[in-house]
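Participant: Take this structure, written in structure tokens, and hold onto it; I'll ask about it next.
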Amino acid sequence: MKKTQLLHSLLLLLTAVIWGVAFVAQSAGMDHVGPYTFNCARSLLGGLVLLPVLAARRRGETRSLSRRERRTLLAGGAMCGAALFMASSLQQIGIQYTSVGKAGFITACYIVLVPLLGLLLGKRCSLSVAAAVGMALVGLYLLCVTETLSVGLGDLLMLGCALMFSVHILVIDFFAPRADGVALSCIQFFVCALLSAVPALALERPSLAGLAAAWAPVLYAGVLSSGVGYTLQMVGQRGMNPTVASLILSLESCVSVLAGWLLAGERLTGRELAGCAVMFAAIVLAQLPGRTRRTERTA
């Protein structure tokens, strides 16, 4: 593995850790504010955190963006923001009906959906990655489907969230090589905040008292999970195969289980733990040496 690819993989791994712990913050925040209000606040914070970073970077640049580059940046930010709004809304609503650990692993279903959607765009994957996707599907079955073949509302919402995060990853894969990652991330947060504000004002009753009570979860989700995490994703995913990137990012599911156990006192059943173990094995399989040589040439 090249040094650049290793660095990008480590950035995505750090992103996964930040996001895994964020499930606890998201669950705790729902005690004080509605899902759209929470997402609006965290996205707004994420965008504001990046403004000084952008300003500092702009000072050292002598060349201004061309009209074409500016259009690409704005279009990419808008599309990323729209996909993020859909994914985060489904996730924030769904987390009310399931545990932190389970929500993390179901969200990781995007490791199955990204290569499937990628096939429609002409992106192939190696046999090891394909086998890992199959194992992940088995793990998700053990985790989500009960012995009576029923799936809970929270599970369905999280699966919808996983689909939209798959779209989000593929949109980033298209725009990341064509635009500045930090600027792209900043725009997507403001777009997501604007889109979240509409249902928040229409369906919920946002209040300063509620936001003040949820300051710690909102601060973590806004600054670390949004501002830092999604920017690391933008930078780390640059030049990487989207399937491999999604597999590294899906480690957030393992972190979410540990965080739910350590911070929220949650437990999983034996069947659910078996599903987690199978999914973790799938992630490890996909990271074995030689797994992406062909996919990197065709991505």
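The values are calculated or read from the model by the stated rules, or taken from the named source; none is laboratory data. All values reported here derive from a predicted model rather than from experimental measurement. Neighbour counts are summed over all protein chains in view; Cβ atoms, including those assigned to glycine, are modelled from backbone coordinates with ideal geometry. SASA here: full protein model, heavy atoms, side chains in, ligands and nucleic acids out. Shrake-Rupley method; radii C 1.70, N 1.55, O 1.52, S 1.80 Å.
Participant: Roughly how much of residue 18 is accessible, in Å² to the nearest 10, using a 1.4 Å probe?
Facilitator: Around 20 Å² of this residue is reachable by solvent.
Participant: I've got another one for you. Using 7 Å Cα-to-Cβ label points, what is the residue 3/residue 284 separation (nm, one decimal)?
Facilitator: Here the modelled spin labels are 3.0 nm apart.
Participant: Then there's this: Give the range of the longest stretch in the chain that excludes all GluC sites (Glu not before Pro) found in loop regions by DSSP and having at most 11 other beta-carbon atoms within 10 Å.
Facilitator: 148-299
Participant: Show me the helices of the chain, taken as full DSSP H stretches, that run 18 Å or more along their long axis by Cα and average 1.6 or above in Kyte-Doolittle hydropathy.
Facilitator: Those that pass (Cα extent of 18 Å or more, hydropathy at least 1.6) are 127-144, 153-175, 181-203, 270-286.
Participant: Now for a different question. D for segment 29-167, whole µm²/s, Stokes-Einstein with Kirkwood Rh over alpha-carbon pairs at 37 °C and 0.692 mPa s: what number?
Facilitator: Calculated translational D: 186 µm²/s.
Participant: Taking only Cα atoms and a 10 Å spring cutoff, compute GNM fluctuations for the chain and point out the largest among 246, 88, 64.
Facilitator: 64
Participant: Going by a ≥ b ≥ c, the root eigenvalues of the Cα gyration tensor, does segment 213-267 fall in the rounded group (a/c under 1.5), the prolate group (a/b larger than b/c) or the oblate group?
Facilitator: oblate
Participant: Here's a follow-up. How high is the relative contact order of segment 1-112, in percent, with contacts defined as C-alpha pairs under 8 Å that are six or more residues apart?
Facilitator: Here the relative contact order equals 48 percent.
Participant: Same structure, new question: The list (1) 59, 53, 30; (2) 82, 59, 36; (3) 62, 36, 35 gives values of Cα extents along the principal axes in Å, and only one came from this structure; which label was calculated from it?
Facilitator: Given (1) 59, 53, 30; (2) 82, 59, 36; (3) 62, 36, 35, the calculated one carries the label (1).
Participant: Turning to a different aspect of this structure: Calculate the FRET efficiency for residue 119 and residue 53 from the Cβ-Cβ distance with a Förster distance of 41 Å, rounded to the nearest 0.05.
Facilitator: After rounding, the FRET efficiency stands at 0.70.
Participant: Enter the accessible area per residue of the chain (Å², integer; probe 1.4 Å; all protein chains in place).
Facilitator: 46
Participant: Also, I was wondering about something else. Using the charge dipole of segment 82-235 (Lys, Arg: +1 at Cβ; Asp, Glu: -1 at Cβ; taken about the Cα centre), state which of 215, 136, 90 has its Cα farthest towards the positive end.
Facilitator: Farthest along the dipole direction, towards plus: 136.
Participant: GNM on the chain, C-alpha springs below 10 Å: top fluctuator among 281, 136, 209?
Facilitator: Its mean-square fluctuation being the largest, the pick is 209.
Participant: Is the C-alpha gyration tensor of segment 130-246 telling us rounded, prolate or oblate? Criteria: a/c under 1.5 is rounded; beyond that, a/b larger than b/c is prolate, otherwise oblate. Don't skip to the answer; put the middle values down first.
Facilitator: Working: a/c = 2.22, a/b = 1.12, b/c = 1.98.
It is oblate, given that a/c is not under 1.5 and a/b is not larger than b/c.
Participant: Which percent of the accessible area of the chain is formed by carbon and sulfur heavy atoms (probe 1.4 angstrom)?
Facilitator: After summing per-atom areas, the C and S share lands at 69 percent.
Participant: Got the relative contact order for segment 84-210 handy, in percent, Cα pairs under 8 Å and 6 or more residues apart?
Facilitator: 41
Participant: Sticking with this one: In whole percent, what relative contact order does the chain give with Cα contacts below 8 Å and a gap of six or more residues?
Facilitator: 42
Participant: What distance in nm separates the simple spin-label points at residue 273 and residue 174, each placed 7 Å from Cα in the Cβ direction?
Facilitator: For the pair residue 273/residue 174, the computed spacing is 4.4 nm.
Participant: Can you give the FRET efficiency for residue 63 and residue 238, using 1/(1 + (r/R0)^6), R0 = 22 Å, r = Cβ-Cβ distance, to the nearest 0.05?
Facilitator: 0.65
Participant: Would you kindly state how much longer the chain becomes between residue 74 and residue 223 on full extension, computed as 0.36 nm times their sequence separation minus their alpha carbon distance, in nm to one decimal?
Facilitator: Numbers: separation 149, 0.36 × 149 = 53.64 nm, distance 2.22 nm.
Gain on extension, residue 74 to residue 223, equals 51.4 nm.
Participant: So, one more: Measuring from a point 7 Å past the Cα of residue 209 along Cα-to-C-beta, which residues in segment 21-59 have an amide N at less than 19 Å?
Facilitator: In segment 21-59, the label zone of residue 209 (backbone N under 19 Å from the point 7 Å along Cα→Cβ) covers 29-35, 37-38.
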